[in-house]
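Presented below is the structure to which this report refers.
The values are calculated or read from the model by the stated rules, or taken from the named source; none is laboratory data. Worth saying up front: this structure is predicted, and the values here are computed from it rather than measured. Note: ideal-geometry Cβ built from the backbone for every residue, glycine included; neighbour counts use all protein chains shown.
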Amino acid sequence: MKSMKGYVSKIRVLKMSKTPLVRFSLDGVNCLIAAHSLNFLADVNEGMEIVVAGEFNNRKQFVVKKYTVIGKTKIMIEFEAIKKDSD
């Protein structure tokens, strides 16, 4: 399994289903995520730095099996904003 680190851009939902297929770019590399894609959409915004693990498919797209957000996730940032507003 290969790993890459970079900044996320161009997040798009390609297929809506029980497990959506999500496409995004990681420093210019096209990536796909189906496993954990709902969590990915909740955790990651464009411009965030992440580390991904997976393999390249025959179309030179990186198929993500695991990911980790470096720093705070989108949910953490939104929760802190709500908490700050209520104080």
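The criterion of at least 1 residues that are in contact with a strand residue (DSSP E or B) (Cβ under 6 Å, 6 or more places away or on another chain) and among the small types (Gly, Ala, Ser) is met, among strands (runs of 3 or more DSSP E) falling completely within the chain, by 2-15, 21-26, 49-56.
Looking across the stretch 20-34, the residues that are surrounded by 13 or more Cβ atoms within 10 Å (Cβ to Cβ) and either farther than 11 Å from residue 51 by Cα or more than 11 Å from the chain's Cα centre (by Cα) (or both) come down to 20, 21, 22, 23, 24, 25, 29, 30, 31, 32, 33, 34.
Checking 82, 70 one by one, the residue that is exposed (fewer than 13 other Cβ atoms within 10 Å of the Cβ), aliphatic (A, V, I, L, M) and over 18 Å from residue 7 (Cβ atoms) is 82 and no other.
The set of residues in the stretch 41-64 being surrounded by 14 or more Cβ atoms within 10 Å (Cβ to Cβ), closer than 13 Å to residue 23 by Cβ and not hydrophobic (A, V, I, L, M, F, W, C) consists of 61 alone.
Across the stretch 6-21, the number of residues qualifying as over 11 Å from residue 41 (Cα atoms) and of a type in the set (Val, Ile, Thr) comes to 2. Look at the stretch 62-87: where a residue is under 17 Å from residue 31 (Cβ atoms) and modelled with pLDDT of 90 or more and a partner is among the acidic types (Asp, Glu) and part of a strand (DSSP E or B), sitting 6+ places away or on another chain with Cβ atoms under 9 Å, you get 62/55; 63/55; 65/55; 69/49; 70/49. Take the residues in the stretch 11-48 that are among the basic types (Lys, Arg) and modelled with pLDDT under 95; name whichever of them is farthest from residue 75 (Cα to Cα). My answer is 15.
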